[in-house]
Amino acid sequence: MSFYQLDRVDLDAKFKTACRLASQAYERSKSVFILTANDEDSARIDELLWEFPPDRFVPHERCMERPSHQNLARIHHQLPEDGHYVLINLTDQAIAIAGKFERIFEIVMPNEADAASTRQNHYEQLNCTVQNHSVKVG
């Protein structure tokens, strides 16, 4: 469980951080699920993954079901039924069944600190080890 604390409010930086984390997980042959708040956010992540990070491509699709090909990153605003993913949570909600996923990444802007603190407490109550990372938005 890792929280990535951005140093300023910047939705584009939040989404690019998600793409960077998805790329790193994909390079390690991990299955990735990016949970968004809504269909509009899913569309934005879908667009960004075509171009960011600029030196890599993460095969992906917008769907909740198992991907049509192995090792495709999935993007959706509802959690999948199956598990064993690196989950990148872009919502303000805690994941109720945190142990279902291999790892959970939370990306937090300063204006989301209260909700993030609530989520962190939730995960700690589930006996998850929580790591915090500061991210400078450049």
Diffusion constant of the stretch 58-137 at 10 °C, which comes from Stokes-Einstein with the Kirkwood Cα-pair radius and 1.306 mPa s, µm²/s: 114 µm²/s
Protein accessible area in the chain, 1.4 Å probe - carbon and sulfur %: 45 percent
Cα coordinate range in the stretch 10-90, projected on the principal axes (Å, largest first): 31, 26, 17
Net charge of Cβ neighbours under 13 Å - reference residue 137; Lys, Arg +1; Asp, Glu -1: +2
Solvent-accessible heavy-atom area per residue, rounded to whole Å², over the stretch 2-138 at 1.4 Å: 54 Å²
Distance between the stretch 17-47 and the stretch 68-138 - C-alpha centres, whole angstrom: 11 Å
Gain on full stretching of the segment that runs from residue 40 to residue 57 - 0.36 nm per residue minus C-alpha separation: 4.0 nm
Rg/Rh (Cα only; Kirkwood hydrodynamic radius) as it applies to the chain: 0.93
Residue of 88, 97, 34 that the Gaussian network model of the chain assigns the largest fluctuation, springs spanning Cα pairs under 10 Å: 97
Dipole magnitude of the chain about its Cα centre (Cβ charges: Lys, Arg +1; Asp, Glu -1), debye to nearest 20: 420 debye
Burial order of peptide ranges 116-123, 4-11, 129-136 (average beta-carbon count within 10 Å, highest first): 116-123, 4-11, 129-136
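Using a Förster distance of 22 Å, how high is the FRET efficiency between residue 129 and residue 28, based on the Cβ-Cβ distance and rounded to 0.05?
About 0.70, to the nearest 0.05.
The values are calculated or read from the model by the stated rules, or taken from the named source; none is laboratory data. Predicted, not measured: the structure shown is a model, and the values here were computed from it. Don't worry about glycine lacking a Cβ; one is built from the backbone with ideal geometry, like all the others, and counts go over all protein chains shown. SASA here: full protein model, heavy atoms, side chains in, ligands and nucleic acids out. Shrake-Rupley method; radii C 1.70, N 1.55, O 1.52, S 1.80 Å.
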